[in-house]
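**Q** Would you mind keeping the following structure in view while I ask a few things?
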Amino acid sequence: MALTKNKKVLDFVEESAALGQPDKIVWIDGSAAQIKALKEEAVKSGELIKLNENLLPDCYLHRTKVNDVARVEDRTFICTKNKEDAGPVNYWMDPKQAYELASEIARGSMKGRTMYVIPYSMGVVGSDFAKIGIEVTDSIYVVLNMNIMTRVGKQCLDSLGKNGDFIKGFHAKCDVDAEKRYIMHFPEDNTIISVNSAYGGNVLLGKKCFALRIASYLGKNEGWMAEHMLILGVTYPDGTKKYVAAAFPSACGKTNLAMLIPPEHYIKKGYKIECVGDDIAWIRVGDDGRLWAVNPENGFFGVAPGTNEHSNYNALQSTKRGTIFTNVALNTDDMTVWWEGLSKELPEHCIDWTGKPWNPEKFDKKDKSTCAAHPNSRFTAPAVNCPCVSPEFNSKKGVPLSAIIFGGRRASTTPLVYQSRDWNHGVFVGSAMSSETTAAATGATGVLRHDPMAMKPFAGYHMGDYFQHWIDMGKKVKNPPKIFNVNWFRQDENGNFMWPGFGDNMRVLEWILKRCDENPVDADETAIGYVPKAEDIDISELDYDISEGKKFDLNALKEILTVDKEKWYKEAEEIENYYNTAIRSRIPAELWESLDTLKKNCYVEKPAAKKTTAAKTTAKKPAAKTTKVATAKPAAKKPATKKSK
Ligand code: GTP
Ligand code: SPV
Ligand code: MN
């Protein structure tokens, strides 16, 4: 029975049913009894495997099809009326064509099945931040995951009232045919359509589709921000709390940083880290002129491989009850789960993520095809399970941000940490982010690619406009957070990580927050921004072997704090190339200015280099955008030569 009188909701459900033609429609009210019954049904059909009730109470394993294990960026579309509004780094489809294509694919695909109607809220129901979505789906897996990841149930419909608007989400598994898989976004219609997938980010429509792609578009129009960021709180020995948000690309350490356990001596002094969110932040300007952030989600959809007691105790604890595991291995000795990195010992009797018996003797760490768990296998765990979940997790007004941190996987060039000179320069630093690709999306891994603000796959509109929105937001905040960049992934010549990472990232966080103090700790001004004096990062009681016989020490720290001007000049040229060839238009003048400064700062005159200095150090921006920049600074650049399109 319908749970609402909201005509718009009823119409959407009716239209969806007319398309999918399910045998039955079930409204999800979010009650424990209903969820329990759905779990039982999914176990019966084999969609879920029940795990050991004593060791992992109320936990289940789900395996997806082997062609359906990650987000599919090349099949993810932004469908705006004007192609230019989707921008150059998104895939675009004409909305009319997209609706037709989706209808053709989904028509009748729910025959013989049930269509579930999931009313959910991103954000605490009834708070200023909260937005309601309705997802219809023919997958129980989706219902159960959405029930963990978002706030689901009748209260969401109640908060909509008779007339309220919501984000429409239509999901149909169809045949899980990769060739006909489409994840479509219609920001101008508040609509999302997903067909032929049954995996995480492609089908849990509240997450990336709504809370980032649609929400970033809403945020631009309404004056707030939707970002791919964790949010954490640091408690100091005197009880003071400070909050930071950090944007790292997928599988680059957000969940880990959000839940970190500080080194022993910090804990003894009384430091504590609390997790507000591990993936998404919605950010608004508060009455006090600061930026305030909430995590709109209600659970964690975290990367399983590499998660263990030592690397991320809090995440592991979060998975101990009420969790759904996707594509991890099943330990048949005790009906628990396993993944690479969970323990040093390999389980003797295990079924791999594809459902086949796994032979530990054939396991080769370097060969992903021998892995028991898929590299992008995940856990869906309720946030309440997390031992370090913040008391502010359910706060309606969110938490005030002292710092925003950008970061990525960079084997070289990018130092452990540096601070931008100001907000606009910080926006430049975010826009210039590159990171090595990971298993979170289909395609090659380990390839360096530009991923501005970790939003390349998630900005629901033109990337140049997105940069402009960041610049504009800076003008609205009286007390903006300071902006930093970190890199936990610097490698030595043999490919060893030079920084211990994980809990030890606390040492960098501490420096970052000291830079946000009224009387900030000193720093070196370099070509790229402020870099710590090595002595100001606490490396006491640190025991880390970079490689056999090479311990991490002050010299190693100095090494990963160095800024190599030559490398950075190349980096600047690369950023310029990215601006010019990938983004092309709508890039704010302020970013060109920062790029010019970077080039100038890093230019090292070589004996062989003749009188080309000026030409070399001036960013080549499209002519249309130059006027402002060219007159902005006395260090006048040569007029740009490149024509804008
Ligand atoms: P998404 O959920 O895809 O957005 O990923 P995420 O950004 O939350 O990444 P997560 O914290 O799950 O970490 C992904 C991978 O990076 C895991 O294999 C971690 O073990 C590894 N990792 C995280 N933090 C660090 C670190 O500080 N150093 C190193 N070397 N590896 C890390
Ligand atoms: C990411 O890839 O950034 C994720 C996983 O958080 S997914 O929900 O699949 O997008
Ligand atoms: Mn993510």
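The values are calculated or read from the model by the stated rules, or taken from the named source; none is laboratory data. The structure displayed is predicted, hence computed values, not measured ones. Methodologically, a virtual Cβ is constructed for each residue, glycine included, from the backbone with ideal geometry; neighbour enumeration extends over all protein chains shown. Each accessible area value is taken on the protein alone, full model and side chains, heavy atoms only, with ligands, DNA and RNA left out. Shrake-Rupley method; radii C 1.70, N 1.55, O 1.52, S 1.80 Å.
**Q** Out of Val427, Val447, report the one residue that is surrounded by fewer than 19 Cβ atoms within 10 Å (Cβ to Cβ) and either more than 14 Å from ligand 2 (Cβ to nearest atom) or not charged (D, E, K, R) (or both).
**A** Val447
**Q** Within segment 475-487, is there a residue that is surrounded by fewer than 22 Cβ atoms within 10 Å (Cβ to Cβ) and either part of a helix (DSSP H, G or I) or at pLDDT below 95 (or both)?
**A** The answer is yes, given that some residue of segment 475-487 is surrounded by fewer than 22 Cβ atoms within 10 Å (Cβ to Cβ) and either part of a helix (DSSP H, G or I) or at pLDDT below 95 (or both).
**Q** Pull up segment 496-548, narrow it to residues that are of a type in the set (S, T, N, Q) and open to solvent by 10 Å² or more (accessible area, probe 1.4 Å), then point me to the one that is nearest to ligand 3 (Cβ to nearest atom).
**A** Only one residue tops the list, namely Asn496.
**Q** Still on this model: Consider segment 491-521. How many of its residues are within 16 Å of ligand 1 (Cβ to nearest atom) and touching a Pro at 6+ places or on another chain (Cβ under 8 Å)? Break it down stepwise before answering.
**A** As a first pass, look at segment 491-521 and keep what is within 16 Å of ligand 1 (Cβ to nearest atom): 491-492, 494-512.
If we keep only those that are touching a Pro at 6+ places or on another chain (Cβ under 8 Å) as well, we get 503-504, 506-507, 511.
Going through segment 491-521 one residue at a time, the tally reaches 5.
**Q** Which number in (1) of a type outside the set (A, V, I, L, M); (2) farther than 26 Å from Pro357 by Cα; (3) touching a Pro at 6+ places or on another chain (Cβ under 6 Å); (4) open to solvent by 20 Å² or more (accessible area, probe 1.4 Å) marks the one condition that Glu264 misses?
**A** It fails just one condition, (3).
**Q** Let me ask something else about it. As an exercise: evaluate Phe210 against (1) within 16 Å of ligand 2 (Cβ to nearest atom); (2) surrounded by fewer than 24 Cβ atoms within 10 Å (Cβ to Cβ) and give the number of the one condition it does not meet.
**A** (2)
**Q** Ok, one more. Taking the options Asp279, Asp238, name whichever one is more than 15 Å from ligand 1 (Cβ to nearest atom) and either in a loop (DSSP other than H, G, I, E, B) or at pLDDT 95 or above (or both).
**A** The conditions single out Asp238.
**Q** I would also like to ask the following. Of the residues in segment 226-278, how many are within 16 Å of ligand 3 (Cβ to nearest atom) and out of contact with any His (no Cβ under 7 Å at 6 or more places or on another chain)? Walk me through it before giving the result.
**A** The initial filter retains those residues of segment 226-278 that are within 16 Å of ligand 3 (Cβ to nearest atom), namely 226-232, 245-259, 275-278.
With the extra rule that they be out of contact with any His (no Cβ under 7 Å at 6 or more places or on another chain), the set shrinks to 226-232, 245-246, 248-259, 275-278.
Of the residues in that region, 25 qualify.
**Q** To continue, here is another question. Would you be able to say whether some residue in segment 366-378 is touching an Asp or Glu at 6+ places or on another chain (Cβ under 7 Å), without any contact (Cβ under 8 Å) to a residue 24 or more places away in the chain and more than 16 Å from ligand 3 (Cβ to nearest atom)?
**A** Yes; the residues of segment 366-378 include at least one that is touching an Asp or Glu at 6+ places or on another chain (Cβ under 7 Å), without any contact (Cβ under 8 Å) to a residue 24 or more places away in the chain and more than 16 Å from ligand 3 (Cβ to nearest atom).
**Q** While we're here: Of the residues in segment 285-324, how many are among the hydroxyl-bearing types (Ser, Thr, Tyr) and either within 16 Å of ligand 3 (Cβ to nearest atom) or open to solvent by 10 Å² or more (accessible area, probe 1.4 Å) (or both)?
**A** 4
**Q** For Ala247, all conditions in the list (1) within 12 Å of ligand 2 (Cβ to nearest atom); (2) within 30 Å of Val176 (Cα to Cα); (3) not β-branched (Val, Ile, Thr) hold save one; what is the number of the exception?
**A** So the condition that Ala247 fails would be (2).
**Q** Related question: Of Ala432, Ala441, which residue is within 14 Å of ligand 3 (Cβ to nearest atom) and aliphatic (A, V, I, L, M)? So that I can check it myself, show each step before the final result.
**A** Values: Ala432 fails: within 14 Å of ligand 3 (Cβ to nearest atom).
Checking each option against the conditions leaves just Ala441.
Yes/no per residue for (1) acidic (Asp, Glu); (2) within 15 Å of ligand 1 (Cβ to nearest atom); (3) part of a loop (DSSP other than H, G, I, E, B):
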position	(1), (2), (3)
His374	no, yes, yes
Ser395	no, no, yes
Ala403	no, no, no
Phe406	no, yes, no
Arg410	no, yes, yes
Thr414	no, yes, yes
Tyr418	no, no, no
Val427	no, no, no
Thr445	no, yes, yes
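**Q** Scan segment 579-588 and give yes if some residue there is touching a Pro at 6+ places or on another chain (Cβ under 8 Å), within 12 Å of Thr414 (Cα to Cα) and part of a helix (DSSP H, G or I), otherwise no.
**A** The answer is no, given that none of the residues of segment 579-588 is touching a Pro at 6+ places or on another chain (Cβ under 8 Å), within 12 Å of Thr414 (Cα to Cα) and part of a helix (DSSP H, G or I).
**Q** Further, regarding this structure: So which residues in segment 553-575 are in a helix (DSSP H, G or I) and either acidic (Asp, Glu) or within 15 Å of Asp492 (Cα to Cα) (or both), if there are any at all?
**A** If the condition is that a residue be in a helix (DSSP H, G or I) and either acidic (Asp, Glu) or within 15 Å of Asp492 (Cα to Cα) (or both), then Asn555, Ala556, Leu557, Lys558, Glu559, Ile560, Leu561, Glu566, Glu571, Glu573, Glu574 are the ones that fit.
**Q** Suppose we filter Trp353, Trp282, Trp339, Trp358 for residues that are open to solvent by less than 40 Å² (accessible area, probe 1.4 Å), more than 30 Å from Pro262 (Cα to Cα) and within 16 Å of ligand 2 (Cβ to nearest atom); which single one remains?
**A** Details: Trp282 fails: more than 30 Å from Pro262 (Cα to Cα); Trp339 fails: more than 30 Å from Pro262 (Cα to Cα); Trp358 fails: within 16 Å of ligand 2 (Cβ to nearest atom).
It is Trp353.
**Q** Find the residue count for segment 376-417, including only residues that are of a type in the set (A, V, I, L, M), over 17 Å from Gly123 (Cβ atoms) and open to solvent by 10 Å² or more (accessible area, probe 1.4 Å).
**A** To start, the set of residues in segment 376-417 that are of a type in the set (A, V, I, L, M) comprises 381, 383-384, 389, 399, 401, 403-405, 411, 416-417.
Now narrow it down to the ones that are over 17 Å from Gly123 (Cβ atoms): 381, 403-405, 411, 416-417.
Narrowing the set further to residues that are open to solvent by 10 Å² or more (accessible area, probe 1.4 Å) leaves 411.
Residues in segment 376-417 being of a type in the set (A, V, I, L, M), over 17 Å from Gly123 (Cβ atoms) and open to solvent by 10 Å² or more (accessible area, probe 1.4 Å): 1 in total.
**Q** Let me ask you something else. Would you mind stating whether Ala198 is part of a loop (DSSP other than H, G, I, E, B), open to solvent by less than 20 Å² (accessible area, probe 1.4 Å) and aliphatic (A, V, I, L, M)?
**A** Yes; evaluated as a whole, the condition is true for this residue.
**Q** Open to solvent by 10 Å² or more (accessible area, probe 1.4 Å) and without any contact (Cβ under 8 Å) to a residue 60 or more places away in the chain: is that true of Glu188 in this structure?
**A** No; evaluated as a whole, the condition is false for this residue.
**Q** List the residue pairs whose Cβ atoms are under 7 Å apart, where the first residue sits in segment 79-101 and is in a loop (DSSP other than H, G, I, E, B), the second is modelled with pLDDT under 95, and the two are 6 or more positions apart or on different chains.
**A** From residues that are in a loop (DSSP other than H, G, I, E, B), the pairs are Pro88/Arg584.
**Q** Now a separate question. Is one or more of the residues making up segment 496-503 over 26 Å from Glu436 (Cα atoms) and either free of Cβ contacts under 8 Å to residues at least 12 places away in the same chain or not in a loop (DSSP other than H, G, I, E, B) (or both)?
**A** no
**Q** If I go through segment 119-156 residue by residue, how many of them are over 23 Å from the mean Cα position of the chain (by Cα) and in a helix (DSSP H, G or I)?
**A** So the count comes out to 4.
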